[in-house]
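This report refers to the structure that appears directly beneath it.
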Amino acid sequence: MSDSFPVKTIISPGRYVQGKGAIHRLGEFLKPLGGAPLLVADDIVWGLVGHDVDASLAAAGLPVRRENFNGIPSAAEVDRLVAVITDQDADVVVAIGGGSTIDAVKASGFLSGIRWVTVPTVASTDAPTSALSVIYTADGAFEEYRFFPKNPDLVLVDTQVVANAPADFLAAGVGDALATWLEARATASAYASTMAGGLPTLTGTALAELSWDVLWDNALPALDAVRANVVTPAVEKVVEANTLLSGIGFESGGLAAAHAIHNGLTAVHQTHGLAHGQKVNLGSVTQLVLEGAPTRDIREFIEFTTRVGLPNTLTEVGLSPDDEKELATIAAAATAPGETIYSMPFEIRPAELVAALTSIEGYARTVRAEAGLPAPAPHGH
């Protein structure tokens, strides 16, 4: 009987904390969650923030135990972290770093039956807030989504740490977050289910749209501020849009073609050096083409994302319209059973996806030339 009446639902992290210097208060917010934390960070990240984390936990009377992250959130790396958590008898595991570290920690925390916390040091994806992990093969190809019954207990973002990182990370986060509204509106139109396990709520869809609006108004000045390693109101807004608004928006608003195309792009080696949000942005342009969106909308999206520094042509992801074999591989992976492309309000066949991918090269070049923007530079050459 219940199958006849699908429910709407929204999920979110237990607490979200954001601000300049927030990392100095990590111990304060961590202490209510457990007394035996395990921190997971790679050596580069720990070299940047380890001293502040150490001091914050010491001030809260918490021990500092750090495990290195080995680079790719593979099934083997997740299992290795589970063994470390068990060996250390940790009661809360803390991811400090980027999306890969965060995905590995969320998965290992779930398997260990303990709480998990995310401390993103870049605002490059919306992974920090979600109740899922993206698992990759050892050589970096998409393998599976793993879904968890809850979101992180705490997400803490120090915006000065984000501003100290290269601006390319923030730009990649903008690419990931811009897709949120494009996919959420498609999901709502299709009455499709979301990763939260039901139909989208008005709230989830509204937060996805708010993320879009915030980014169009603030992304460019925020990137300029981050290039100067300073925090401004625009930076605060973009970090929140990339992390919290997009995080809730994609999970409870819905994913559609853009992220499925991202997953397809990971199936070819030419794209492996690109950030998640860079590949997602190519998926967003392609989704707009598949939708038959107004020419003005596609043109504005290409111009804006070029100014942000995101790829919107095959050339910029190491491919070309002549790569028929690779495009077929991408389309096959993006339309695999269970992919989020089936949340679109119409069917998309592999051949139609190949046609859309092929078409954006020439059009994006034309738009960029007419707007006086740089021509696409090849990736990986």
Checklist outcome for this item: Note on the chain, DSSP bridge orientation, antiparallel percent to nearest 5 equals 20
Checklist entry - With a 10 Å Cβ neighbour count serving as the proxy for reagent exposure, in which order, fewest first, do TRP212, TRP181 appear? => result TRP212, TRP181
Checklist entry - Under a 5 Å amide H to amide H cut-off, with H placed in plane at 1.01 Å, what residues pair with LEU154 once short-range neighbours are removed? => result GLY14, ARG15, THR118
Item to check | Likely footprinting exposure, SER124, SER359, SER12, fewest C-beta neighbours within 10 Å first | outcome: SER359, SER12, SER124
Checklist entry - For region 167-370, with only Lys/Arg (+1) and Asp/Glu (-1) charged at the beta-carbon, what is the dipole magnitude about the Cα centre, in debye rounded to 20? => result 40
Next on the checklist: Could you tell me what a quarter of the Cα convex hull surface of region 279-370 works out to, in nm² with one decimal place?
Outcome noted: 5.8
Item to check | Fraction of the pair-distance distribution of region 167-370 above 31 Å, Cα-Cα pairs, percent | outcome: 13
Item to check | Residue exposure sequence - HIS51, HIS259, HIS269 - by fewest surrounding Cβ within 10 Å | outcome: HIS51, HIS269, HIS259
Checklist entry - Any idea which of ALA241, LEU373, SER112 is furthest toward the positive side of the dipole for the chain, if Lys and Arg beta-carbons carry +1 and Asp and Glu beta-carbons -1? => result ALA241
Item to check | Span-rule helices in the chain, defined as complete DSSP H runs reaching 27 Å or more along the axis (Cα) with Kyte mean at least -0.5 | outcome: 167-190, 202-227, 350-370
Checklist entry - Summing -39500 (n - 2.57) over the DSSP H runs of n ≥ 4 in the chain and dividing by its residue number, what mean residue ellipticity at 222 nm do you reach, to the nearest 500 deg cm²/dmol? => result -16500 deg cm²/dmol
Next on the checklist: Name the residue from GLN88, VAL230, GLY338 whose Cα lies farthest towards the positive end of the charge dipole of the chain, charges +1 on Cβ of Lys and Arg and -1 on Cβ of Asp and Glu.
Outcome noted: VAL230
Item to check | Given charges at beta-carbon only (K, R positive; D, E negative), |dipole| of the chain in Debye | outcome: 620
Checklist outcome for this item: For the chain, the Cα-Cα pair-distance distribution in 10 Å bins from 0, as whole percents, is 5, 25, 34, 25, 9, 2, 0
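We did not get these values from a lab; they are worked out from the coordinates using the rules stated. Just so it is clear, the structure is predicted and the values come from calculations on it, not from any experiment. So basically every Cβ, Gly included, is an ideal-geometry build from the backbone, and we count neighbours across all protein chains shown.
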